[in-house]
Amino acid sequence: MGLYRWLLIVAVMVGPLWPAPVGAQPAASTSEGAGETRIDRLLERMTLDEKIGQMTLFTSTWAQTGPTMDPAYLDHVRAGRCGAIFNAMTASYTRWLQRIAVEETRLGIPLLFGYDVIHGHRTIFPIPLAESCSWDLAAIEQSARIAAIEAAAEGIHWTFAPMVDIARDPRWGRIAEGAGEDVWLACRIAEARVRGFQGTDLRRPDTIAACAKHFAAYGAAQAGRDYHTADVSERTLEEVYLPPFEACVKAGVRTVMTAFNEIAGHPCTAHPYLLSDLLRGRWGFTGMVVSDYTAINELVPHGYAADEAEAGRRAVLAGVDMDMQGAVFLTHLRRQVERGEVPMARLDEAVRRILTLKEELGLFDDPYRYCDEAREKRVVFSARHQAAARAMARRSMVLLKNDGGVLPLRPNLRSLAVIGPLAEATVDLLGNWHAAGDGSKVVSILQAVRERVGPGCQVRFAKGCEVEGHDRSGFRAALAAARDAEAVLLVLGERENMSGEAASRVDIDLPGVQNELAEAIARLGRPTAAVLLNGRPLALTRLHAAVPAILEAWFPGSLGGRAVADVVFGDHAPSGKLTVTFPRHVGQIPIYYSMKNTGRPLVADQKYTSRYLDCPNTPLYPFGHGLTYTTFAYSDLQVEPPVVDGGKSVTVRVTVRNTGSREGEEVVQCYLRDLAASVTRPVKELRGFRRLRLAPGASATIEFTLGAGDLSFRRADGTWGWEPGEFRVMVGGSSDLTLEGSFHIRDN
Ligand code: GLC
């Protein structure tokens, strides 16, 4: 009989052993609290096998997200050899699984249910990279909040998100899952996502534990090839790849997932510095560390362990508390503890963290609190959630080019040709890691356009070509459809599975013969706009030369088709700004805005400066770039005071005016440069932004305050802080379009 039922009987006889329901008195404190807690008591009663079982996470067979599956996971649950399950969902299925754990195991310890709720659960939002281009922290937090509400209603307690890997190489498919190339913005977005998932009280049945992943520097994979070695300097690790994880810890994230890659010889899944000295010692993280999918096993092919027993020992001693799908702890830890190779204290520490998380989620008070069929029916894919997803999709889109104001199209066109291999796409709109998203509920862009235009408009469709491949036989029908149309909408890009995990590409141009199709259509001379569906920056040099207007729609989610129509026909103006640089050519990679100046910065027509023979240094579209259906002018930049004592703040003011004929939103960006310091500093770094909505002709003065924290960096001596000297301030609507001012910090 499960512990829970036994205690229910005892409680009736001798009064509650468990604390009263939340609210009546504080939940049992964790080990830090006064007196023995129920976790202490539970730990005392657990056998070695039961402890190892809690450290074991298996996937159910409802989804596959890695190389191995074990259909015997139910046997492991029944035998107390598994404390957590992932890829299981719906209130009824998780309730059924939970009942097995609670009622058929000796101690009845509830299962923890995890899932990759990355950008929505059933109502799928735009991919995380798209959401980051909204620069709308409140909307990003709301997206995670809605994902948590839906997932929690289906019995899920824990999401393997946010992915906070900085990525500056679009060959790497997982750039789709993050928040782009900028460290400061990625930290703000990471914080918003943790807040959204976890809320303010994990015991609430509509909040779920978040997981900062993949710790760390996974985005630095050499050559953009997934799982490849990350060979970064200690300074780059500290300045670029670690800050978003620290931001998550400070925001209260309750779990961290180790990365597959090594960093300079040490695989992250057994990295003592990362998992103990830094995460626990320096940052004070108190939550639980889970490996990535069989990442412990993979220490053997890494060449970091001679066999899986050694792999498990190195991982658990370095600080991994839970083994995802590898069954390494399950297979080897008992013998290693009995031989004294792994101290029991280390297991107790890991199990305490796992039980504490279950306690924080309220699972010991009521293991079934999240399995709520009624709530599931009420909240999943609700109209409110769909409206939020549609709004986020619109705000994530970036208008890259709009020569001649081709966009927005008039809804009362008499004829419109919709051409391209992704016009009818539905599941692709959901993007990668769309988990429980249902493609059958997605309206395609073609369908959404048909529904949006007036009855007098003849919409002609031709696919033209496939996403990949070299078959041009569809060009003829496409040209016929477009030849005398009043306007042409091209829908081009990648399939959703061409980015995300294990989806690196060496050629990041439009795949297949899509460029040729666009060039052939453009030669007809009709007003032509391209809508892009893709999960990474693409090298769009050919498309940019061929068509006058390009709208980056990313993978916009369940309501993405309608959101594209909203923007294309001007019901809503695009307002997104790129959070990743779009290169002209794959050969420019890595390319990002916050580069160093070098000792020989490019000087036009001077040979011996940092340049290519065959390509400009500049990107096609820079970080921060994004147009809308109006224009903005910046003026009157002021930086005060011009000279300031160290540690004091400066105030930056700028006036922004809507100089166009339509209301519009602008993201005003504030960048900083430290001209000379004890170590070289980037040519600019984002230090603030404001979203601004202005009516035609209206203006506003925006103010930023730059304090000591904004000027601080890891100095040559390894300490964190500012240094005196000359600083530049740059403010504008893109990293390459700014007004410039300066100030000086006096040496105190
Ligand atoms: C995958 C991914 C990770 C995901 C996990 C569980 O391999 O690397 O991001 O959360 O497995 O599906």
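Every read-out reported here was derived from the displayed coordinates using simple, explicitly stated rules and does not represent laboratory data. Please read all numbers here as calculations on a predicted model, not as lab measurements. So basically every Cβ, Gly included, is an ideal-geometry build from the backbone, and we count neighbours across all protein chains shown.
Straight-line reach from K377: taking Cα to Cα under 22 Å and skipping same-chain neighbours fewer than 8 places apart, the lysines in range are K441.
Of all DSSP beta bridges confined to the chain, the antiparallel ones make up roughly 55%.
Think of the chain as having a plus end and a minus end, set by charges on the Cβ of Lys, Arg, Asp and Glu; of V337, G525, L613, G525 sits farthest toward the positive end of this dipole.
Think of segment 52-192 as having a plus end and a minus end, set by charges on the Cβ of Lys, Arg, Asp and Glu; of F113, W96, P170, W96 sits farthest toward the positive end of this dipole. Cross-link reach is defined here as a Cα-Cα straight distance under 22 Å, omitting same-chain residues fewer than 8 places apart; for K51 the lysines meeting it are K358. Here's how it looks for L538: its modeled amide H is under 5 Å from none belonging to a residue 5 or more places away or on a different chain.
Per-residue 3J(HN,Hα) values for segment 677-694, derived from phi via the Karplus relation 6.51 cos²θ - 1.76 cosθ + 1.60 with θ = phi - 60°, read 8, 5, 9, 5, 10, x, 5, 6, 9, 4, 9, x, 7, 9, 7, 9, 10, 10 Hz in sequence order (x marks Gly and Pro). Excluding same-chain residues fewer than 8 positions from K607, which lysines have a Cα within less than 18 Å of its Cα? Within the straight-line cut-off, K607 pairs with nothing.
A dipole drawn for segment 392-582 from +1 and -1 charges on Cβ atoms has a positive end, and of N402, C457, L540 the residue lying farthest that way is C457. Each residue of segment 392-408 was assigned a 3J(HN,Hα) from its phi angle through the Karplus curve 6.51 cos²θ - 1.76 cosθ + 1.60 (θ = phi - 60°); the sequence is 5, 4, 4, 6, 7, 6, 10, 7, 7, 7, 7, 4, x, x, 4, 9, x Hz, with glycine and proline shown as x. Taking amide H atoms as placed 1.01 Å from N in the peptide plane, the amide H of F713 lies under 5 Å from those of G721, W722, each 5 or more residues away in sequence or on another chain.
What ranking of W96, W554, W184 emerges when the number of other C-beta atoms within 10 Å of each C-beta is taken as an exposure proxy, fewest first?
Listing W96, W554, W184 from fewest to most nearby Cβ atoms yields W96, W184, W554.
Could you give the size of the charge dipole of segment 632-746 about its Cα centre, using +1 on the Cβ of each K and R and -1 on the Cβ of each D and E, expressed in debye and rounded to the nearest 20?
In total the dipole reaches around 140 debye.
Rounded to the nearest 20, the Cβ-based charge dipole of the chain about its Cα centre (Lys and Arg +1, Asp and Glu -1) stands at 1420 debye. Here segment 392-582 is treated with +1 on each Lys and Arg Cβ and -1 on each Asp and Glu Cβ, and its dipole about the Cα centre works out to around 540 debye. Ranked by the mean number of other Cβ atoms within 10 Å per residue, highest first, peptides 277-288, 312-323, 514-525, 376-387 order as 312-323, 514-525, 277-288, 376-387. Shape summary of segment 239-373, radius of gyration then Dmax from alpha carbon positions: 15.5, 48 Å.
For the chain, the 222 nm mean residue ellipticity estimated from helices alone, with every DSSP H stretch of n ≥ 4 adding -39500 (n - 2.57) and the total spread over all residues, rounds to -8000 deg cm²/dmol. The HN-Hα couplings worked out from phi for segment 596-604 by the Karplus form 6.51 cos²θ - 1.76 cosθ + 1.60 (θ = phi - 60°) are 7, 7, 6, x, 10, x, 4, 10, 3 Hz, whole numbers, x standing for Gly and Pro. Checked against a 20 Å cut-off, the cross-linked pairs K596/K684; K577/K684; K250/K577 give Cα-Cα distances beyond that limit for K250/K577.
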